[in-house]
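Here the structure comes first, spelled out in structure tokens, and everything after it is commentary.
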Amino acid sequence: MKTEISVDPKTLSASALFLVEDFKSDKDYKDTLAIISMVAGDYHLDPEVEVEELKEFVAKAKEENQSALEFIVDEEGVELELVTP
């Protein structure tokens, strides 16, 4: 699974982009949650997302013809946007 992680030095927020097409097995979902947890940990946050919820987000992205999930992490919390990069 290829992941794009970036940090905005002005806002001190981090962004992690995951392509919907890369979610093929349970391991992909677990790996995604591990990556999000590591990034959120830098902000002392717990993303509070489970595998089943992540599967629902991926299904919703497919329904809405979006090709990626973008997690944005900052001091306020973790946000999810369904996007087409």
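List of remarks:
- Residues that are part of a strand (DSSP E or B) and either more than 13 Å from residue 13 (Cα to Cα) or modelled with pLDDT under 95 (or both) within region 34-73 comprise 68, 69, listed in sequence order.
- Considering residues of region 47-67 that are touching a strand residue (DSSP E or B) at 6+ places or on another chain (Cβ under 8 Å) and polar (S, T, N, Q) only, the residue surrounded by the fewest Cβ atoms within 10 Å (Cβ to Cβ): 67
- When region 15-46 is limited to residues that are in contact with a strand residue (DSSP E or B) (Cβ under 9 Å, 6 or more places away or on another chain) and over 18 Å from residue 4 (Cα atoms), the one that is surrounded by the most Cβ atoms within 10 Å (Cβ to Cβ) turns out to be 45.
The values are calculated or read from the model by the stated rules, or taken from the named source; none is laboratory data. Keep in mind that what you see is a predicted model, and the values were worked out from it rather than measured. Please note: Cβ atoms are built from the backbone with ideal geometry, for glycine as well, and neighbour counts cover all protein chains shown.
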